[in-house]
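Would you mind keeping the following structure in view while I ask a few things?
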């Protein structure tokens with residue numbers, strides 16, 4: 001069948017600059033480039049190009065430009081180029097449209113409609129380069145009140161504090177499974193989390209034995225497929241996370257194709273080599289909130305009540321009520337993943353149409369837990385579209401205790417958000433199990449890039465805090481008075497619990 | 001003017017003067033020296049608010065809750081009095097005596113009531129305090145034009161719009177005798193003149209005068225709302241008063257612990273502490289982080305037994321303490337202490353986050369308090 005699809009990208013090669021080194025040929029796992037010895041020229045099959053810019057970045061003479069194909073379809077606001085191409089694709093394959101990363105549709109990004117406050121005159125701003133500025137954050141349930149006994153100088157704590165995660169900066173790495181990303185990417189995340197005093201999350205793919213040494217900085221996920229969940233896995237983690245849902249595909253399970261299930265992945269996930277790893281949409285032992293409570297307590301019991309248990313859900317319409325139930329079911333941490341949250345693979349229609357923006361879900365959940373007087377009983381961690389330190393500051397001021405970053409972390413490792421993770425051909429060595437590709441990502445360099453990112457964001461957070469005259473992150477948490485909306489409707493402002501700028 | 005219409009901003013911003021004076025033997029003295037002292041810090045206020053809290057002024061009604069009230073109009077008074085009658089035995093109701101005073105204009109109706117909660121409505125003493133707090137919240141939130149200045153026993157708050165020394169004369173404070181006096185002069189930058197907005201703020205026995213701006217106000221308020229405190233005034237001083245009530249009365253923490261919450265030590269300091277102390281401090285910050293008062297402040301928090309001075313953790317606002325025999329002083333500046341007590345030799349400047357606690361050695365009307373120690377913490381003895 002003749003394909004009616006047009007190339008998404010065009011590859012322009014400056015033949016004068018090209019030295020025929022064939023870096024592009026070797027770097028492209030999608031086989032876009034090839035060298036013709038007879039003509040001594042490099043050619044491109046543009047229909048295969050995904051726009052990951054690996055070749056452009058590595059071309060030693062800057063001979064390459066990859067640009068969006070400017071070809072216009074007949075103008076139509078309804079039947080856009082994207083819509084038509086999707087239909088051609090499905091007419092040719094009969095399949096579900098697949099994609100990777102987070103929703104790329106232009107839903108409002110509320111972070112960009114919120115501005116921050118700063119001190120002027122009545123309250124001195126604080127210079128974080130010269131004065132202490134505290135970002136340390138503890139995640140976990142906090143008691144309603146403390147009882148302290150003993151005398152001054154010999155105080156004793158009579159209230160038992162349940163297990164907490166200690167973060168030196170309120171940023172963690174989101175759940176990304178071994179399988180969705182390469183071993184080297186996992187190791188980069190693990191080493192960076194350990195070095196920066198924060199945590200990364202295994203996702204649902206189990207934990208490779210070599211990474212057990214980073215267990216103190218690892219949140220081990222228990223998802224519907226229960227891949228790689230065994231006693232040692234639970235034991236080695238700093239915290240456990242029950243994954244109910246994911247922002248990129250709320251209500252949908254997962255599918256790691258058998259070709260990605262290598263020997264190592266097979267051992268880590270505890271499934272036969274080469275078999276598809278199917279995560280059911282729901283946990284088949286959780287059909288109600290009391291079932292969730294049972295799993296939470298089973299995990300706590302299995303780990304001697306030494307680890308906080310997080311429950312992760314996709315941000316959906318009634319997240320507030322669900323979150324309230326989760327807290328009452330014993331969750332120590334509520335992880336909320338918004339509609340812009342990433343994935344290794346999801347049906348495009350699900351990714352782009354199901355769920356709600358994280359900003360609104362966060363505001364609603366924080367409000368609800370406060371109205372019910374149980375906000376202290378769980379920490380809130382938000383994920384799904386945190387792109388910068390400013391987003392982190394806004395999330396914390398809206399009510400989050402910390403954030404998860406997934407896409408931003410992968411971008412730090414080289415990801416160019418081409419959204420083709422599901423192909424397993426990631427030229428950046430991240431979302432692939434091909435050893436030829438994954439060795440491109442050196443875990444030592446990867447960890448350095450991630451730590452640099454965390455350090456940079458932390459410095460920026462300190463600057464913003466200092467500007468507000470605040471020297472501890474807990475004084476920003478839920479402090480919505482330091483936020484103002486710009487260009488938002490009254491209803492949006494009400495849900496976010498902030499005033500409009502100027503008011 | 002509607003209360004809501006007065007406060008369009010998130011909270012008030014103000015610079016201020018604060019002064020507190022206590023006789024730790026509970027011997028009473030009149031308001032004159034406190035007026036003199038606060039007047040000496042005139043340039044710290046701008047005539048938009050001054051006030052006093054005095055403890056021990058109503059010994060004849062020591063067992064009754066004394067409500068100092070302001071009303072914008074007669075209707076508010078009638079509605080409030082009807083509410084009081086439904087909840088309390090009203091043992092006394094009178095106009096607060098005032099005199100005409102230049103610089104104090106348009107006073108609201110100022111009344112005081114001596115109230116006993118109806119016995120069939122409350123069970124225990126703790127209940128009684130909660131009952132009174134709820135009554136205060138009801139009046140402040142539900143009755144338009146009425147506001148409770150103070151609601152403690154054997155104490156009262158006198159405050160209004162004007163320079164503090166003028167407010168003191170207006171309320172004839174030289175005619176009252178108390179053993180603890182706390183005063184405040186305001187320099188608000190955004191509050192239109194409203195008498196209820198002046199300091200001190202009070203709930204039950206607790207009064208707070210405050211110099212500063214709490215940058216963490218937004219979360220402090222939201223945290224207190226979880227415990228049923230409704231911040232009607234949009235002032236950061238109000239959250240301090242409610243925070244004190246929550247921590248000391250409801251959660252039973254000590255004053256030192258309260259200071260560790262309001263002006264928490266830095267994590268780097270906590271990390272260097274011995275294990276048990278570290279555990280306590282860590283738990284306090286974990287649990288009560290939302291009550292950390294961030295930003296510049298110095299406060300004097302007082303009740304019938306104590307007067308507590310505290311500055312923020314990095315000491316962005318001034319506070320001086322002084323002691324001379326039975327008299328303890330806490331002040332924004334040192335000069336006024338010497339002005340009212342020329343034999344005083346001992347003054348010191350506390351570190352940020354270090355509380356100064358003056359405590360009654362023997363309270364005549366509180367026999368169970370006899371033997372309580374004066375606790376003062378010299379600047380060198382820092383936790």
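Considering each residue of the range A:71-110, count those that are over 30 Å from residue A:499 (Cβ atoms) and out of contact with any strand residue (DSSP E or B) (no Cβ under 8 Å at 6 or more places or on another chain), and give that number.
To start, the set of residues in the range A:71-110 that are over 30 Å from residue A:499 (Cβ atoms) comprises A:71-101, A:104.
With the extra rule that they be out of contact with any strand residue (DSSP E or B) (no Cβ under 8 Å at 6 or more places or on another chain), the set shrinks to A:71-95, A:101, A:104.
Total satisfying the criteria: 27.
Enumerate the strands (runs of 3 or more DSSP E) found wholly within the range B:104-164, keeping only those where 1 or more residues are within 17 Å of the chain's Cα centre (by Cα) and either within 30 Å of residue B:336 (Cβ to Cβ) or modelled with pLDDT of 95 or more (or both).
Numbers: elements: B:109-117, B:146-150, B:155-160.
The qualifying strands (runs of 3 or more DSSP E) are B:146-150, B:155-160.
Looking at (1) surrounded by 12 or more Cβ atoms within 10 Å (Cβ to Cβ); (2) without any contact (Cβ under 8 Å) to a residue 24 or more places away in the chain, which is the only condition residue A:41 fails?
Going through (1) surrounded by 12 or more Cβ atoms within 10 Å (Cβ to Cβ); (2) without any contact (Cβ under 8 Å) to a residue 24 or more places away in the chain one by one, residue A:41 breaks only (2).
Criterion first (more than 23 Å from residue B:171 (Cβ to Cβ) and buried (at least 20 other Cβ atoms within 10 Å of the Cβ)) does residue B:135 satisfy it? Full working, then the answer.
Details: more than 23 Å from residue B:171 (Cβ to Cβ): yes; buried (at least 20 other Cβ atoms within 10 Å of the Cβ): yes.
In short, yes.
Okay, next question. Here are A:286, A:296, A:313: which of them is touching a residue at least 24 places away in the same chain (Cβ under 8 Å), surrounded by 20 or more Cβ atoms within 10 Å (Cβ to Cβ) and outside any helix (DSSP H, G or I)? Outline the logic, then answer.
Details: A:286 fails: surrounded by 20 or more Cβ atoms within 10 Å (Cβ to Cβ); A:296 fails: outside any helix (DSSP H, G or I).
Just one listed residue meets the conditions, A:313.
I'm trying to understand the selection: among the residues of the range B:317-332, which are crowded, with 20+ Cβ neighbours inside 10 Å and out of contact with any helix residue (DSSP H, G or I) (no Cβ under 6 Å at 6 or more places or on another chain)?
Restricting attention to the range B:317-332, the residues satisfying the condition of being crowded, with 20+ Cβ neighbours inside 10 Å are B:317, B:319-323, B:327-332.
Scanning the range B:317-332 gives B:317, B:319, B:320, B:321, B:323, B:327, B:328, B:330, B:332.
What number of residues within the range A:195-224 satisfy the criterion of being more than 29 Å from residue A:297 (Cβ to Cβ) and in contact with a helix residue (DSSP H, G or I) (Cβ under 7 Å, 6 or more places away or on another chain)?
Count: 2.
Also, I was wondering about something else. From A:254, A:245, A:206, which residue is in contact with a strand residue (DSSP E or B) (Cβ under 7 Å, 6 or more places away or on another chain), modelled with pLDDT under 95 and surrounded by 24 or more Cβ atoms within 10 Å (Cβ to Cβ)? Full working, then the answer.
On the way: A:245 fails: modelled with pLDDT under 95; A:206 fails: modelled with pLDDT under 95.
Result: A:254 is the single residue among A:254, A:245, A:206 that is in contact with a strand residue (DSSP E or B) (Cβ under 7 Å, 6 or more places away or on another chain), modelled with pLDDT under 95 and surrounded by 24 or more Cβ atoms within 10 Å (Cβ to Cβ).
Rundown of residues vs (1) assigned by TED's automatic domain parsing to the domain that holds residue A:417; (2) under 22 Å from residue A:348 (Cα atoms); (3) not in a loop (DSSP other than H, G, I, E, B), yes/no style:
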position	(1), (2), (3)
A:34	no, no, yes
A:39	no, no, no
A:51	no, yes, no
A:57	no, no, yes
A:70	no, no, no
A:73	no, yes, no
A:83	no, yes, yes
A:87	no, yes, yes
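State whether the residues of the range A:271-281 include one that is at pLDDT 95 or above, crowded, with 18+ Cβ neighbours inside 10 Å and within 21 Å of the chain's Cα centre (by Cα).
No, the range A:271-281 contains no residue that is at pLDDT 95 or above, crowded, with 18+ Cβ neighbours inside 10 Å and within 21 Å of the chain's Cα centre (by Cα).
Same structure again: Identify, from the list A:97, A:167, the residue that is within 14 Å of another protein chain (Cβ to nearest Cβ) and either closer than 21 Å to residue A:423 by Cβ or out of contact with any helix residue (DSSP H, G or I) (no Cβ under 8 Å at 6 or more places or on another chain) (or both). Steps first, please.
Numbers: A:97 fails: within 14 Å of another protein chain (Cβ to nearest Cβ).
Exactly one of A:97, A:167 is within 14 Å of another protein chain (Cβ to nearest Cβ) and either closer than 21 Å to residue A:423 by Cβ or out of contact with any helix residue (DSSP H, G or I) (no Cβ under 8 Å at 6 or more places or on another chain) (or both), namely A:167.
The values are calculated or read from the model by the stated rules, or taken from the named source; none is laboratory data. What you see is a predicted model; the values in this text were computed from it and never measured. Backbone-built Cβ (ideal geometry, glycine too); neighbour counts: all protein chains shown.
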